[in-house]
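Participant: Once you've had a glance at the structure underneath, I'll fire off some questions.
The values are calculated or read from the model by the stated rules, or taken from the named source; none is laboratory data. If you're wondering where the values come from, they're calculated on a predicted model, not measured in any experiment. For neighbour counting, all protein chains shown are included, and Cβ atoms are generated from backbone atoms with ideal geometry for every residue, glycine included. When the accessible area is computed, the model is the full protein with side chains, heavy atoms only, and any ligands, DNA or RNA have been set aside. Shrake-Rupley method; radii C 1.70, N 1.55, O 1.52, S 1.80 Å.
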Amino acid sequence: MTARPPRILLADDQRDVLEALRLLLKGEGYIIETAALPAAALRAAEAAEFDVVLMDLNYARDTTSGAEGLDLLERLRALDPSLPVVVMTAWGSVDLAVEAMRRGARDFVQKPWENARLLATLATQVELGRALRRGRRLEAENRALRSGEGPAEGGEGGKFLLLAESPAMRPVLEIIERIGPSDANVLITGENGTGKGVVARALHQESARSGRPLVTVNAGGLSESVFESELFGHVRGAFTDAKSDRVGRFELADGGTLFLDEIANVPPAQQAKLLRVLESGEFEPVGSSRSRRVDVRVLSATNADLEAEVQAGRFRKDLLFRLRTVEVRLPPLRERRDDIPLLAAHFLGRYSARYRKPLASFDEAAVRALLAHPWPGNVRELDHAVERAVLMARSAEVAASDLGLQMAKPEANLEDLSLEEVERLLIQKTLARNDGNVSRAALALGLSRSAMYRRLEKYGL
């Protein structure tokens, strides 16, 4: 991806100086904003993010001491310590320039300036400033990775690849091939466990953004009270526990891709804020009035019917339009049974290596059991079933009994099952009856959505 043009704030009370600088820097590709007074410069820096500030130290109210300029410098540094500030001084004011450097200015130029030196100085400071901000994002990424919530190798835990040969998956593969290289926002729909996160990773890998982060966030898992802070970040002091600045997920994904899983569960009050950043690329961290701009491709996923959610007034229609430039529907595993042996063999190889058990294949009865099972938990359930089988297997081949699928058989006797097995079977049947829709299944079982997700994770569904 090409780097975005640098944004520069020019602060000087002489109109002819501002105009000369504007003409010079416009030809170098800068996006320019000007301010004739310190107060106007501070307002501009509070409202938007700049790559560098070029400012005079003397203004109309005090033309010689530089006090106004030094005060503005300190306010800019307090606002953003990573913002490079280059000061301009008249010939003979070197002592003032030294004082400005002591207070945090990165460099200084004398008036009248030499164009070549001025351009070289600004270019250096732009790169240094961007490097500092990249470092801040990398620190945030590392913190997020340590907590298990940051840039992802693949959705849904990164546990399975997009392995597909069945006719039902051909449209999915074609869309990934055609749309992946674009920056189009994509909505990925399908039942729980079908691999929506893996499709998101495939779309990211096919794009020009593949060298930048793919940041995954479970939108359904965020309470309304932390939604803004998680997505947009916050500044120190924004609320009681905000002891330091925090980089949000949009900023972490700048230049890359943000994957919003469970998008249907975004609280209605937050949908407008999400719509705004999708439309403009701008947002404000919690507790800050300063807009930040990001370049992010948004992929989203849901197992809900968003059209029905719009009709019911629970989801904004304009937000759906922004998210769904293209839609990818993932078929459930029962509609792509030709892929079951392929997927099962992949999982077998992975878990055999992980648990150091030399298992090369499934016996015939195990293959029949795999093909006959309804798989209400889709590929995720298959993944967990094969992992269990590897752990349970006693011979060189996986047997049907190792898979733990007996409870799906019609002849299963509830009296012979444990309480956990009965609960698992009930959840399976309820999911199947509700076409894999987790929210409807949870409602039918009298469970909250979060309690339902805990049980799905527990039973590998």
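Participant: May I ask you to derive the FRET efficiency for ARG354 and GLN311 from their Cβ-Cβ distance with R0 = 45 Å, giving the value to the nearest 0.05?
Facilitator: With R0 = 45 Å, the Cβ-Cβ based efficiency is 0.50.
Participant: ILE31's amide H: which non-local residues (gap 5+, or another chain) put their own amide H closer than 5 Å, with H modeled 1.01 Å from N in plane and none for Pro or chain starts?
Facilitator: Correct list: ARG7, ILE8.
Participant: Can you give me the orientation-averaged projected area of the convex hull built on the Cα atoms of the stretch 71-123, in nm²?
Facilitator: 3.7
Participant: Find the relative contact order for the stretch 227-357 and round it to a whole percent, using C-alpha pairs within less than 8 Å whose residues are 6+ positions apart.
Facilitator: Result for the stretch 227-357 is 23 percent.
Participant: Then there is this: Kindly sort TYR355, TYR459 by accessible area of their heavy atoms, largest first, with the probe set to 1.4 Å.
Facilitator: TYR355, TYR459
Participant: Please give the per residue volume of the convex hull enclosing the alpha carbon atoms of the stretch 241-369, rounded to a whole number of Å³.
Facilitator: Spelled out: Cα convex hull of the stretch 241-369, divided by residues, is 203 Å³.
Participant: In debye to the nearest 20, how big a dipole does the chain give about its Cα centre with +1 on each Lys and Arg Cβ and -1 on each Asp and Glu Cβ?
Facilitator: Charge dipole of the chain: 360 debye, to the nearest 20.
Participant: Sticking with this one: Run the dipole for the stretch 1-116 about the Cα centre, Lys and Arg Cβ at +1, Asp and Glu Cβ at -1, nothing else charged, and hand back the magnitude in debye, nearest 20.
Facilitator: With Lys and Arg at +1 and Asp and Glu at -1, about 220 debye.
Participant: With equal scatterers on the alpha carbons only and no solvent term, can you work out the Debye log10 of I(q)/I(0) for the stretch 174-221 at 0.14, 0.20, 0.21, 0.24 1/Å?
Facilitator: For the requested q values the scattering log ratios are -0.35, -0.70, -0.77, -0.97.
Participant: Could you work out the per residue convex hull volume over the alpha carbons of the stretch 238-308, in cubic angstrom?
Facilitator: Measuring per residue, one finds 112 Å³ for the Cα hull of the stretch 238-308.
Participant: Where the only charges are on Cβ atoms (+1 Lys, Arg; -1 Asp, Glu), what is the dipole of the stretch 273-398 about its Cα centre, to the nearest 20 debye?
Facilitator: 460
Participant: Here is the link list: LYS196/LYS317; LYS357/LYS458; LYS26/LYS317. Which ones come out longer than 28 Å on Cα distance?
Facilitator: Over 28 Å apart, Cα to Cα: LYS26/LYS317.
Participant: How large is the accessible surface of LEU42 in square angstrom, using a 1.4 angstrom probe and rounding to the nearest 10?
Facilitator: Its heavy atoms expose roughly 30 Å² to the probe.
Participant: Let me check something: with ligands and nucleic acids excluded, how do VAL94, VAL294 order by accessible area (1.4 Å probe), largest to smallest?
Facilitator: VAL94, VAL294
Participant: Next up: Take each complete run of DSSP H in the chain, measure how far its Cα atoms stretch along the helix's own axis, and keep only those covering 20 Å or more with mean Kyte-Doolittle hydropathy at least 0.0; list them.
Facilitator: Span-like helices, by this rule, are 340-354.
Participant: What does the accessible area per residue of the stretch 9-80 come to in Å², with a 1.4 Å probe and no ligands, DNA or RNA counted?
Facilitator: Result: 46 Å² of accessible area for each residue.
Participant: Under the rule of -39500 (n - 2.57) per DSSP H run of 4 or more residues, summed and divided by the residues of the chain, what mean residue ellipticity at 222 nm is obtained, to the nearest 500 deg cm²/dmol?
Facilitator: After summing the helix terms and dividing by the residues of the chain, the value is -14000 deg cm²/dmol.
Participant: In addition: Counting only protein heavy atoms, what percent of the accessible surface of the chain is carbon or sulfur at a 1.4 Å probe?
Facilitator: With neighbouring chains kept in place, the figure for the chain is 51 percent.
Participant: Within 10 Å, count the other beta carbons around each residue, average over each peptide in 442-454, 295-307, and list them highest first.
Facilitator: Ranked from most to least packed, the peptides come out as 295-307, 442-454.
Participant: The list (i) 43; (ii) 47; (iii) 34 gives values of percent of Cα pairs over 34 Å apart, and only one came from this structure; which label was calculated from it?
Facilitator: Label of the calculated value: (ii).
Participant: State the answer as a single residue: which of PRO374, LEU431, SER450 lies farthest towards the positive end of the charge dipole of the chain, with beta carbon charges of +1 for Lys and Arg and -1 for Asp and Glu, about the Cα centre.
Facilitator: It is PRO374, whose Cα lies furthest towards the positive end.
Participant: Once label points are set 7 Å from the Cα along Cα→Cβ at both ALA40 and ARG329, what is their separation, rounded to one decimal in nm?
Facilitator: Distance between label points: 5.7 nm.
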